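Asks: Could you have a look at this structure, given as structure tokens, before my questions?
The values are calculated or read from the model by the stated rules, or taken from the named source; none is laboratory data. Not measured: the values here are computed from a predicted model. Here the Cβ is made from the backbone with ideal geometry for all residues, glycine too, and neighbour counts use every protein chain on show. For the accessible areas, the whole protein counts, side chains as well, though only heavy atoms, and no ligand, DNA or RNA atoms are used. Shrake-Rupley method; radii C 1.70, N 1.55, O 1.52, S 1.80 Å.
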Amino acid sequence: MSAKSFNVAVAGATGAVGNQMIACLEEMQFPVKNIRLLASSRSAGRRLRFRGEMVAVEELTADSFAGMDIALFSAGGTTSQTFAPAAARAGCVVIDNSSAWRMDPQVPLVVPEVNPHAVADYRHKGIIANPNCSTIQMVVALNPIHRRFGIRRIVVSTYQSVSGTGKKAIDELFNQTRAMINFLEAETRVYPHRIAFNCLPHIDAFLANGYTKEEMKMVNETRKILEAPEIGVTATTVRVPVFFGHSEAVNVETIAHASAEQVRALLSDAPGVTVVDDPANNRYPLAIEAAGRDSTFVGRIRQDDSIPNGINLWIVADNIRKGAATNAVQIAQVLADRHL
Ligand code: A2P
């Protein structure tokens, strides 16, 4: 970490991810000189704690970024589309958690364990994109396999927690669960169907090809981050009644043969990965154990005997931490260490 310190803005500071970004800046000891907390006018004047002091939230405007060095954005795609260029014009590098800029060829899409070199491309637009939560945890686990054996195809099904939708959805699962165990009517506001005691094969909007935007984010972002447009990727993304932590069943077809033992050994040494794979003792990654931690947990590593070179894995991470805030602050660390 460089000896310098930086003025840092957090846009969307009152949200689930924004709150965690503030906590991660503190926990990960990012060298913050001054912090500016930004949200909508509804939250202006609210106070949030940073390093033991209360900081007032300000309304996000185009003028919010004067004198700021780095802005972490998590206030939705429209807000990023509108305000990220204004921040960049003010000389402040944006690390954006929305999907607004991720597939822009002039915007790097970064997972520091995988492609930290791409951060250098922030110079084109002054924006770095933080990938989709489900994609981050998958590429942290799959990158070592791709580098060693080559990946031909990925088939992934996700089991995604409601915190990925934001605070309103956390409240919705809580309120619906409480209503139902009290034999009351559950109100549905955030999702098109009840999420309590249910699974919804629908995350983000449906596209003309029958997939959802979330599914196509996993396809396109995986290829961009791994710098491997030739890899086949197909995804089914499912919302489940879990508060924190996304789980994924991933089937990988490799080019060179990989045994389950080789993959287990490789991932045991991989950056950002913790292998939990002891089925005899009922040990495998669990959302409730990944929640509150920064690692990507991998288990159930086994051969897929239906094809010559197949491996199955179960990959779990805290979607608000590694899937969003932690990854964004790790990008800020690379930026600060190598480029500012
Ligand atoms: P606010 O709390 O003032 O609405 P979440 O994803 O958990 O719902 O959080 C979304 C975050 O984005 C919140 O901090 C929210 O602020 C912020 N936000 C939403 N819309 C805007 C906007 N138009 N301008 C600035 N901040 C916004």
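Matching residues to (1) touching a Gly at 6+ places or on another chain (Cβ under 9 Å); (2) open to solvent by 10 Å² or more (accessible area, probe 1.4 Å); (3) in a loop (DSSP other than H, G, I, E, B):
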residue: Val107; (1), (2), (3): no, no, yes
residue: Asp121; (1), (2), (3): no, yes, no
residue: Val140; (1), (2), (3): yes, no, no
residue: His146; (1), (2), (3): no, yes, no
residue: Arg152; (1), (2), (3): yes, yes, no
residue: Lys168; (1), (2), (3): no, yes, no
residue: Thr177; (1), (2), (3): no, yes, no
residue: Arg189; (1), (2), (3): no, yes, yes
residue: Ile195; (1), (2), (3): no, no, yes
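Asks: Also: Among the residues of region 54-78, write down those that are assigned to a loop (DSSP other than H, G, I, E, B), open to solvent by 30 Å² or more (accessible area, probe 1.4 Å) and away from the ligand (no atom under 12 Å from the Cβ).
Replies: Asp63, Ala66, Gly67, Asp69
Asks: While we're here: Filter region 157-189 down to residues that are closer than 15 Å to Val242 by Cα and within 16 Å of the ligand (Cβ to nearest atom), then give me how many there are.
Replies: Of the residues in that region, 16 qualify.
Asks: Do we have Ser157 as touching a residue at least 24 places away in the same chain (Cβ under 8 Å), in a strand (DSSP E or B) and small (Gly, Ala, Ser) here?
Replies: yes
Asks: Any idea how many residues of region 13-53 are away from the ligand (no atom under 13 Å from the Cβ), in contact with a strand residue (DSSP E or B) (Cβ under 7 Å, 6 or more places away or on another chain) and aliphatic (A, V, I, L, M)?
Replies: 3
Asks: Still on this structure, please answer the following. Determine which member of the set Ile151, Ile195 is at pLDDT 95 or above and touching a Ser or Thr at 6+ places or on another chain (Cβ under 7 Å).
Replies: So the residue among Ile151, Ile195 that is at pLDDT 95 or above and touching a Ser or Thr at 6+ places or on another chain (Cβ under 7 Å) is Ile151.
Asks: Could I ask something else about it? Considering each of Arg47, Arg51, Arg89, Arg42 in turn, give the residue that is in contact with a helix residue (DSSP H, G or I) (Cβ under 7 Å, 6 or more places away or on another chain) and either on the phi > 0 side of the Ramachandran plot or surrounded by fewer than 21 Cβ atoms within 10 Å (Cβ to Cβ) (or both).
Replies: Arg51
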